[in-house]
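Notes to accompany the following structure.
Here, each number is a calculation from the coordinates, and none is a lab measurement. Nothing here was measured: the structure is a model prediction, and the numbers come from that model. Cβ placement follows ideal geometry from the backbone for every residue including glycine, while neighbour counts extend to all protein chains displayed.
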4 protein chains.
Amino acid sequence: MQINNMTYKLLVNTSDETGLIYKISNLLYQRNLNIDENGEFVETEQDRFFMRTVFSGDADIESLEKELHEILPSDSVIKIHDNKPKRIVLMATKENHCLGDLLVRSEGLRLNANIIAVISNYDNLQNFTERFGIPFHYVSHENKSREQHEGEVVELIKSLNPDYIVLAKYMRILSANFVETFKERIINIHHSFLPAFIGANPYKQAFERGVKIIGATSHFVTNDLDEGPIIAQNVIPVSHKESWKEMRNIGWDVEKNVLARALNLVLDDRVFIHNNKTIIF
Amino acid sequence: MQINNMTYKLLVNTSDETGLIYKISNLLYQRNLNIDENGEFVETEQDRFFMRTVFSGDADIESLEKELHEILPSDSVIKIHDNKPKRIVLMATKENHCLGDLLVRSEGLRLNANIIAVISNYDNLQNFTERFGIPFHYVSHENKSREQHEGEVVELIKSLNPDYIVLAKYMRILSANFVETFKERIINIHHSFLPAFIGANPYKQAFERGVKIIGATSHFVTNDLDEGPIIAQNVIPVSHKESWKEMRNIGWDVEKNVLARALNLVLDDRVFIHNNKTIIF
Amino acid sequence: MQINNMTYKLLVNTSDETGLIYKISNLLYQRNLNIDENGEFVETEQDRFFMRTVFSGDADIESLEKELHEILPSDSVIKIHDNKPKRIVLMATKENHCLGDLLVRSEGLRLNANIIAVISNYDNLQNFTERFGIPFHYVSHENKSREQHEGEVVELIKSLNPDYIVLAKYMRILSANFVETFKERIINIHHSFLPAFIGANPYKQAFERGVKIIGATSHFVTNDLDEGPIIAQNVIPVSHKESWKEMRNIGWDVEKNVLARALNLVLDDRVFIHNNKTIIF
Amino acid sequence: MQINNMTYKLLVNTSDETGLIYKISNLLYQRNLNIDENGEFVETEQDRFFMRTVFSGDADIESLEKELHEILPSDSVIKIHDNKPKRIVLMATKENHCLGDLLVRSEGLRLNANIIAVISNYDNLQNFTERFGIPFHYVSHENKSREQHEGEVVELIKSLNPDYIVLAKYMRILSANFVETFKERIINIHHSFLPAFIGANPYKQAFERGVKIIGATSHFVTNDLDEGPIIAQNVIPVSHKESWKEMRNIGWDVEKNVLARALNLVLDDRVFIHNNKTIIF
């Protein structure tokens, strides 16, 4: 998967019909574009067609997109991404494990994104963040209504204009309005193996249930709390020996890895959202 | 962990106080018994002490047990197991994956137990079972009340006098009476990563939720459906590509392994039950 | 991935050039065949193109294959498989865990293949095999040269005409001639996480090295012992507590699962062999 | 495992004989010390006894240790650790993933140790390290013999007087003298699933072999390169899609987690070294 600067990723989500791959690949062929990697999946319950094509060459993206719309079904969602790093905003509260992992990764050039800011409702992580040369925006929620606080955050995010918002352990519930404003652009890490232990303090719930494995789930945020499309999950064994706080510490290692994995998939334009599920190439 | 015929396993579950290990090990020392392996755990919420000691030598088990009761707190639960294979009864319905795994394991001398019978409410697995030289008891539930059918099964199990009853995909819900009759002796395999997807058709639930990992859980059966003390769990990755039936097939491989692992732990007298959890050495 | 009786799998392995997907999909489109699933991968070191296409419809396979050869590069390897169960021969020696797993799976309709025979150089597993209604061929190696014994086995296999030969713990080394005769059709399970612990008694080697994880590897057999293209691998944790025989028992559970997984991938025509590696869709 | 300030960990490594647990627990009982957790293991090949006991109370450690030596076999190795954070020195070269993980963990109070310094033969990570308030010692190897360079590093480490030295991707081979000087106190992370891919560039080796799983190994350093006692290992799946550089990036996530896990085990006094293996409670 060596990728040069003229590499693009085409994502097509459309209703299935015969000849779609032919039509798309024909168009690319006519324009002298080479397909480096191709994945296709048909969801048979609703006959929905998903294709991710990595192609390279000298492309006029605008006219290509236009022509694709002409030859594909009218309900097609077509996206063409170039290889430029995406702009992301991180949100956090007080814990540094997910935030720190992303900052270290970014500095080590292992995150194909520009972290343009960190936003928090506390100032605990300000010094930590700024050390990495990343702007930190402290938007306190104190003495503000939820609506007012969120309004400020929304305005701030809009002004930063990110491609994605990453909730790196941001411990406040987002309103329907917030979610709608940045639809399909908010990625969360939930500290349980969803749908187990929905809601508050999942590690304590896991401890009390006596489970032998705990996990973490990264998902897109929708209005239904902890119910959005799952991108990545992973687990780790625990035993009767761990207190719930020890389970939490163990779980934090899973959280940071799952969030990074999910984020890398999204940043590499590998993820479709369909019916509260993801299709990942 | 080489084990000779004079090896015993002592399990003590008692309220914690200073000197318990000293008292127990002193007694074994006085009787010239050698400790080969020792595990101890104190549950600090209720100050409960658990110890599993593998010892060897020439032991008078009855008098040892009596003396242990004399020196330990009055609420002590004391068990001494020799190394004889335990007697188990398997129950199944129609699927052969868990049953087959245990039968093959047993024939290959990889199960430290005697499978004394298989009981089923269908006759589908009769020929399959009998090939392995294991008696098959077909107790149909047709034209019988639940009470009546269970009564027959209970009588049959009582007559077989097993140490443990293994539900190797027995797809009927057991009554409170049944569970009470064989308390802490019934081991089930549940086809999900509990507590996710409690109830019917967990693979379909998992498919619909779009999870990226599915799992299985082996647990002791209590009155609360799918809520008993968990012995072992494991998971396996899935993706959007699998239909729910394919997920089920993938999950079946996890089920059989988790059940076998849990069963081996129980057969090796490694599992304490405490407050709807297990403590496993 | 619902598959009807008119579903086919097309596998193309060719040198890369622009327009391959277009050419192939065009041909299918002209013949009114629908692409249900498509995976494509370009190996960039040698510019090699691999494509697996699941298509359905009313196909004249012979003429389709001919036409594909006409439009694709001359070095193309093109295979079109229908959905009929493949014919497999299992070979084993004395251990029943891999053999038993495949037999139980097959009887439970969870193996998309017909097991047409089991061959062994011992008769230990004869009764076990025949219970499942599968012919058992005992070809003793006693008082025979290696060449003579293998010659008999080769003749037997040729007469059975299987698509694949599965070494389900067949503990004899195969000659170059044997491997060449059934080239790319022999699947083995090796009892270590290759390339760790090549050679004899890998569990003892693992025990002596004090590893914390053991594993198993399923691979196509080539002339270089334990060096063929890897299809699937998996691992399981161990600790200082296990003797090497206990490690072996633990490992056997991994072996049987890895072998079944690899076999399912091969039976579903998902595996390309390229330069001593596999490409798996 | 709630631990107060008067909690101690006793580690006994001695030749096995009857009554050891009794003798030790008796001594603790006489001194009114409470055993909170106890693990014991007998290595049967050489009849070696290992015990780790967590006890609490008002202890005179010096006299306790003296008395233990009096009652235990003369070849006993006895250690009693209090609960104070250990002093560790990290060594790194240019990559920030392991170093960054430990620094973030330490700042988040998830590492029971004081990182007293980072030492490197390059200055690439100086700014990165110092941001966390940790002293960075740049000891260049340029224009110096290996002996001379190592001599400087040894002197520096001696002056820092750490309990453990953690090679967080320190890419230079250590001499026998260095290893001997800090015997059983140097912890390394090796970028493969040892003993697979010993030596240089294991990710490239893994890529070329076409493995389906890669891993990492944390071990104590001995004179034999990549051959010291293994503390922890873990793996992650890969496929034909990844280039070896992508495998390396994937592997780095495993490396940092395995190193942290191994380090936590060592810092919690859970690890015995015995015959080039570890025994871990």
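For D:Glu180, the label point sits 7 Å beyond Cα toward Cβ; its separations from the matching points on the remaining copies run 5.4, 7.3, 7.5 nm, from shortest to longest. Think of it as helices only: each DSSP H run of n ≥ 4 in chain B is worth -39500 (n - 2.57), and spread over all residues that comes to -10000 deg cm²/dmol at 222 nm. As a calculated quantity, the FRET efficiency between C:Lys84 and D:Asn112 at R0 = 60 Å, using C-beta atoms, amounts to about 0.50. Annotation: amide H-H contacts under 5 Å for B:His137 (H modelled 1.01 Å from N, sequence separation of 5 or more, or interchain): B:Val118, B:Ile119, B:Ser120. 3J(HN,Hα) along region B:10-19, derived from phi through the Karplus expression 6.51 cos²θ - 1.76 cosθ + 1.60 where θ = phi - 60°, amounts to 9, 10, 10, 10, 8, 6, 6, 7, 5, x Hz, with x in place of Gly and Pro. The alpha-carbon positions of chain B define a convex hull whose volume is 150 Å³ per residue. Which of C:Lys183, C:Lys169, C:Lys158 moves most in a GNM of chain C, Cα contacts under 10 Å? In this elastic network of chain C, the residue with the biggest mean-square fluctuation among C:Lys183, C:Lys169, C:Lys158 is C:Lys158. Largest first, the extents of the alpha carbon coordinates of region C:6-82 on the three principal axes equal 37, 23, 19 Å. For the pairs B:Lys212/B:Lys256; C:Lys9/C:Lys158; B:Lys23/D:Lys277; A:Lys212/D:Lys23, note any where the Cα-Cα span goes beyond 29 Å. Flagged as over cut-off: B:Lys23/D:Lys277; A:Lys212/D:Lys23. Reported to the nearest whole Å, the Cα centre-to-centre distance from region B:1-51 to region D:6-81 is 15. Loop-located chymotrypsin sites (Phe, Trp or Tyr not before Pro) in region B:104-146 (DSSP state not H, G, I, E or B) with no more than 15 neighbouring Cβ atoms inside 10 Å: B:Tyr122. Each pair of Cα atoms in region B:29-156 enters the Kirkwood radius, and Stokes-Einstein at 10 °C and 1.306 mPa s then converts it into a translational diffusion coefficient of 85 µm²/s. Net charge within 14 Å of B:Leu64 by Cβ-Cβ distance, Lys/Arg positive one each and Asp/Glu negative one each, not counting B:Leu64 itself? Neighbour charge sum, excluding B:Leu64 itself: -2.
Nearest beta carbon of chain A to the A-to-B rotation axis, with distance in whole angstrom: A:Ala196, 2.
Placing +1 on each Lys and Arg Cβ and -1 on each Asp and Glu Cβ, with no other charges, gives region D:6-82 a dipole about its Cα centre of roughly 120 debye.
Near the amide H of D:Arg172, within less than 5 Å, lie no amide hydrogens of residues on another chain or at least 5 residues away, with H placed in the peptide plane. When the convex hull of its Cα atoms is viewed from all sides, region C:164-271 shows a mean projected area of 6.2 nm².
Note on chain B: antiparallel DSSP beta bridges, both residues inside, total approximately 70 percent of the bridges counted. Remark: the protein assembly as shown carries a charge dipole of roughly 0 debye about the Cα centre, counting +1 on each Lys and Arg Cβ and -1 on each Asp and Glu Cβ. Taking a straight Cα-Cα cut-off under 19 Å and skipping sequence neighbours fewer than 8 places away in the same chain, the aspartates and glutamates within cross-link reach of B:Lys94 are B:Asp123, B:Glu130, B:Glu142, B:Glu150, B:Glu246, B:Asp253, B:Glu255, C:Asp101, C:Glu107. Relative to the 2.2 N^0.38 Å rule of thumb, the protein assembly as shown has a C-alpha radius of gyration ratio of 0.97.
Relative contact order of region D:86-280, taken over Cα pairs closer than 8 Å and 6 or more residues apart, is 20 percent.
Normalised by residue number, the volume inside the convex hull of the Cα atoms of region C:234-281 is 89 Å³ per residue. Here each label is just a point 7 Å from Cα along the line to Cβ, and for C:Asn127 and C:Met6 those points are 5.1 nm apart. Mean-square fluctuations from a GNM of chain C, with a 10 angstrom spring cutoff on Cα atoms, peak among C:Ser106, C:Ser175, C:Ser159 at C:Ser159. Taking the DSSP bridge list for the protein assembly as shown and keeping only pairs wholly inside it, about 70 percent are antiparallel. 3J(HN,Hα) along region A:129-135, derived from phi through the Karplus expression 6.51 cos²θ - 1.76 cosθ + 1.60 where θ = phi - 60°, amounts to 5, 5, 4, 8, x, 9, x Hz, with x in place of Gly and Pro. Close amide-amide hydrogen proximity is noted between B:Asn114 and B:Lys86, B:Arg87, B:Ile88, each under 5 Å apart and 5 or more residues distant or on a separate chain (H modeled in the peptide plane; Pro and chain starts excluded).
Which residues make up the longest stretch of chain B clear of GluC sites (Glu not before Pro) that lie in a DSSP loop with no more than 16 other Cβ atoms within 10 Å, not counting the sites? Formally, the longest exposed-site-free interval is B:46-141. Debye-formula intensities of region B:107-220, expressed as log10 I(q)/I(0) at q = 0.10, 0.11, 0.12, 0.19 Å⁻¹, are -0.37, -0.45, -0.53, -1.15 (one equal scatterer per alpha-carbon, no solvent). The distance between label points at A:Glu227 and D:Glu45 comes to 5.7 nm (points 7 Å beyond Cα on the Cα→Cβ vector). The same position C:Pro85 in the other copies lies at 3.1, 5.5, 6.3 nm from this copy, comparing label points 7 Å beyond Cα toward the beta-carbon, shortest first.
Each residue of region D:84-101 is assigned a 3J(HN,Hα), and the resulting list reads 5, x, 7, 9, 10, 10, 9, 10, 8, 10, 10, 8, 9, 6, 6, 4, x, 4 Hz, derived from the Karplus form 6.51 cos²θ - 1.76 cosθ + 1.60 (θ = phi - 60°), x at Gly and Pro. When only the Cβ of Lys, Arg, Asp and Glu is charged (+1, +1, -1, -1), the dipole of region A:51-175 relative to its Cα centre reaches about 540 debye. Remark: spin-label model distance C:Ile173-A:Leu156 equals 6.8 nm, labels positioned 7 Å along the Cα→Cβ axis.
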